[in-house]
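Encoded as structure tokens, the structure appears first; notes follow it.
The values are calculated or read from the model by the stated rules, or taken from the named source; none is laboratory data. A quick note: this is a predicted structure, and the numbers were derived from the prediction, not measured. Ideal geometry is used to build each Cβ from the backbone, glycine not excepted, and the neighbour counts take in all protein chains shown.
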Amino acid sequence: MDFDLIVIGAGPGGYVAAEHAAALGLKTAVIEKSHLGGTCLNRGCMPTKALLHAAGTFSELRRADGLGVQADNLRSDFRAMHAYKNNVVEQLRAGIAQSFKSKKITHITGTAKILSPTEVSADGNLYTAKNLLIATGAAPACPPIPGIDLPGVVTSDDLLAAEGMDFDSLIIIGGGVIGMEFASIYNALGRNITVLEAAPRLLPTMDKEFSQSLAIIMKKRGAEIQTSASVSKIEPCGSGLAVAYQDKKGAECRAEAAGVLIATGRRADASSLFAEEVLPAMERGALVVDGRFETSIKGIFAVGDIISGNIQLAHVASAQGISVAHRLAGQPAPTDLHCVPSCVYTDPEIASIGITEEQAKASGTAILVGKALTSANGKSLVEQQERGFIKLIFGAEDEVLLGAQLMCARATDLIAVLALAAANGLTRTQLLRTMFPHPTFSESIAQAAETARKK
């Protein structure tokens with residue numbers, strides 16, 4: 001065998017698994033057809049966050065008069081923002097390449113084809129390994145809407161390409177995480193935004209209070225939000241593109257903008273990875289795996305967005321990849337894969353872990369709920385933050401932390417404290433033993449724990 005492990009795909013699931021496998025003594029190779037870093041680094045998490053930071057900085061300066069800061073002739077340079085984004089991406093790619101070099105991981109550039117449980121072809125060569133790990137991610141899912149292939153109808157991949165695509169007005173079909181992060185970027189830059197979401201609320205898979213608060217904030221900032229909106233077609237019009245949809249009352253409506261973003265999720269398709277004689281079990285193009293992330297073919301594993309029913313988050317893919325690497329090296333998996341923090345990088349940020357009030361009620365779980373409004377937090381007032389909250393869910397009997405929902409500044413950083421508590425079964429009393437520094441956003445965690453009452 002050429003290798004102990006060949007990883008197909010160099011995104012967060014693949015390159016992190018490879019690094020851990022190599023550190024554990026496995027001779028490892030990674031096959032990647034494009035850039036190191038996968039979707040997250042090149043067309044997802046990192047470029048989006050860079051643009052959110054740039055747009056957020058511009059937005060803060062526009063309203064800085066109240067701080068005694070005056071910026072004359074303030075303007076945004078869309079091309080320069082994307083140059084900054086590209087520089088961030090290139091630095092991170094270089095970091096992965098250097099890590100591969102230092103850990104003696106073989107990097108193969110090419111499109112992989114799995115010929116057997118131990119054989120992969122790529123770049124015109126045949127490679128063999130004791131085990132294979134698939135981490136090829138997913139691509140934007142485009143629903144069958146008439147007119148979806150018109151010029152000016154784009155996906156997140158298009159908006160994050162080298163110089164991006166600027167629109168003075170943008171209709172976003174899909175009010176989930178991807179849609180709302182792009183709504184935040186373009187809204188912060190002063191563009192006219194319309195969001196059309198088919199579900200009754202924004203961020204439909206998350207806590208209802210997130211949906212309500214985010215809708216209020218975005219409307220206050222000038223965005224138009226339409227939920228329970230059923231899109232029927234996209235067609236050209238004088239201003240660019242028109243989207244016909246039926247609103248929540250059943251009325252036929254029409255929105256017009258220079259561009260349309262399709263943000264209706266991502267879809268896996270593993271079928272092209274395999275030779276016909278080695279096809280594993282799949283569901284709608286996604287791979288079916290067991291509790292060890294092994295497919296129906298022994299020795300072929302899969303992690304991340306490519307597996308059926310998976311939570312499509314970069315850190316989930318990484319944790320799964322680490323788990324596979326450790327098990328192949330004969331070590332126990334180090335990460336609790338059931339404690340998954342979710343983050344949305346809107347303004348304010350949103351983060352959650354564990355169960356919500358609604359889920360507890362549906363399952364008949366008796367809980368204590370504590371909530372702190374961040375409008376009373378000193379650091380939030382200093383930084384002119386808008387409405388926000390921290391909500392903690394504890395078991396009614398043992399007071400163990402079961403869930404947390406945060407909508408506030410630095411929520412995506414603060415959630416790590418609560419993920420640590422949830423993963424280790426900490427109680428409300430143990431959480432309150434922590435001395436939180438003042439003035440910080442984190443003080444609201446203690447305030448929420450102090451106010452916990454039975455629901």
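Numbers below:
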item	result
Residues (under 19 Å from the mean Cα position of the chain (by Cα) and part of a helix (DSSP H, G or I)) located in the range 18-45	Gly38, Thr39, Cys40, Leu41, Asn42, Arg43, Cys45
Lone qualifier among Glu399, Glu386, Glu357, Glu349 - being among the acidic types (Asp, Glu) and more than 25 Å from Gln212 (Cβ to Cβ)	Glu399
Positions within the range 401-441 being surrounded by 15 or more Cβ atoms within 10 Å (Cβ to Cβ), charged (D, E, K, R) and outside any loop (DSSP other than H, G, I, E, B), in sequence order	Arg428
Conditions (1) without any contact (Cβ under 8 Å) to a residue 12 or more places away in the chain; (2) assigned to a loop (DSSP other than H, G, I, E, B); (3) more than 25 Å from Arg410 (Cα to Cα); (4) not polar (S, T, N, Q): number failed by Lys101	(2)
Qualifying residue in the range 259-275 (condition: touching a helix residue (DSSP H, G or I) at 6+ places or on another chain (Cβ under 7 Å), in a loop (DSSP other than H, G, I, E, B), β-branched (Val, Ile, Thr) and surrounded by 15 or more Cβ atoms within 10 Å (Cβ to Cβ))	no
Selection status of Gln331, over 22 Å from the mean Cα position of the chain (by Cα), at pLDDT 95 or above, under 30 Å from Gly9 (Cβ atoms) and of a type outside the set (D, E, K, R)	yes
Matching residues, the range 171-192, being of a type outside the set (D, E, K, R) and over 21 Å from the mean Cα position of the chain (by Cα)	Leu189, Gly190, Asn192
Residue list for the range 137-177, restricted to those being aliphatic (A, V, I, L, M), over 24 Å from Asp77 (Cβ atoms) and surrounded by fewer than 17 Cβ atoms within 10 Å (Cβ to Cβ)	Ala139, Ala141, Ile148, Leu150
Strands (runs of 3 or more DSSP E) wholly inside the range 164-230 containing at least 2 residues that are among the polar types (S, T, N, Q)	192-196
Among (1) under 22 Å from Ala23 (Cβ atoms); (2) in a helix (DSSP H, G or I) - the single one His107 does not satisfy	(2)
Out of Ala17, Ala55, sole residue that is surrounded by 24 or more Cβ atoms within 10 Å (Cβ to Cβ) and in contact (Cβ under 8 Å) with a residue 40 or more places away in the chain	Ala17
Selected residue (only one of Ala199, Ala215 is free of Cβ contacts under 8 Å to residues at least 60 places away in the same chain and buried (at least 18 other Cβ atoms within 10 Å of the Cβ))	Ala215
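Every residue, every condition in (1) outside any loop (DSSP other than H, G, I, E, B); (2) at pLDDT below 95; (3) among the acidic types (Asp, Glu); (4) within 23 Å of Thr295 (Cβ to Cβ), yes or no:
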| position | (1), (2), (3), (4) |
| --- | --- |
| Leu74 | no, yes, no, no |
| Val89 | yes, no, no, no |
| Leu92 | yes, no, no, no |
| Leu126 | yes, no, no, yes |
| Ala161 | no, yes, no, no |
